[in-house]
1. Working carefully through the options 94, 109, 80, find the one that is touching a residue at least 40 places away in the same chain (Cβ under 8 Å) and under 30 Å from residue 59 (Cβ atoms).
2. Considering only residues that are surrounded by 13 or more Cβ atoms within 10 Å (Cβ to Cβ) and under 22 Å from residue 15 (Cα atoms), look in segment 128-143 and name the one that is farthest from the chain's Cα centre (by Cα).
3. Determine if segment 144-160 includes at least one residue that is exposed (fewer than 12 other Cβ atoms within 10 Å of the Cβ) and under 33 Å from the mean Cα position of the chain (by Cα).
4. Kindly check whether there is at least one residue in segment 113-126 that is in contact (Cβ under 8 Å) with a residue 60 or more places away in the chain, within 30 Å of residue 4 (Cα to Cα) and surrounded by 11 or more Cβ atoms within 10 Å (Cβ to Cβ).
């Protein structure tokens, strides 16, 4: 009875995941303008702005212009001058932070892409190696099965031959042939 090729279970590949960085974890800064920052500083009504207004009013009072339009203008100019200096620094700092974040995000995305490509290449190489190994194992099993079937067939042929031929050849005499 012929031996059938065994069914081999296939080795399976474990797929690696790429390491990724999350660019959303960067501190987010919104780019801004000097006028936007100045408006937020002046609109806050903070102590610095009150101090600048008081300084402007004091200067106007020294000149006897406290309640005049020139006094009001002097106070407003003092507030705007201080606010503009603060706003310029804030706007520059925020814009630099935004540029840094954009560069960092681009670098992070480039690194994520490189990691994914390297991981895909590794997974493909491992998959090819696993397929090659599986095919080698399958071929070896087929060869061993064919070898066993061939041996079995040869044994059957020999058994059939022996059953057809007499067991002993001693009672037979072969004729002698002389050359002419």
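1. Being touching a residue at least 40 places away in the same chain (Cβ under 8 Å) and under 30 Å from residue 59 (Cβ atoms) holds for just one of 94, 109, 80, which is 80.
2. Only one residue fits best here, namely 137.
3. Looking only at segment 144-160, we keep the residues that are exposed (fewer than 12 other Cβ atoms within 10 Å of the Cβ), and these are 147, 150-151, 153-160.
Subsequent filtering for residues that are under 33 Å from the mean Cα position of the chain (by Cα) retains none.
No; the residues of segment 144-160 include none that is exposed (fewer than 12 other Cβ atoms within 10 Å of the Cβ) and under 33 Å from the mean Cα position of the chain (by Cα).
4. Looking through segment 113-126, none of the residues is in contact (Cβ under 8 Å) with a residue 60 or more places away in the chain, within 30 Å of residue 4 (Cα to Cα) and surrounded by 11 or more Cβ atoms within 10 Å (Cβ to Cβ).
FYI, it's all coordinate maths here, none of it is from the lab. Model, not experiment: these values are computed from the prediction. Neighbour counts run over all protein chains shown; Cβ positions are idealised from the backbone, glycine included.
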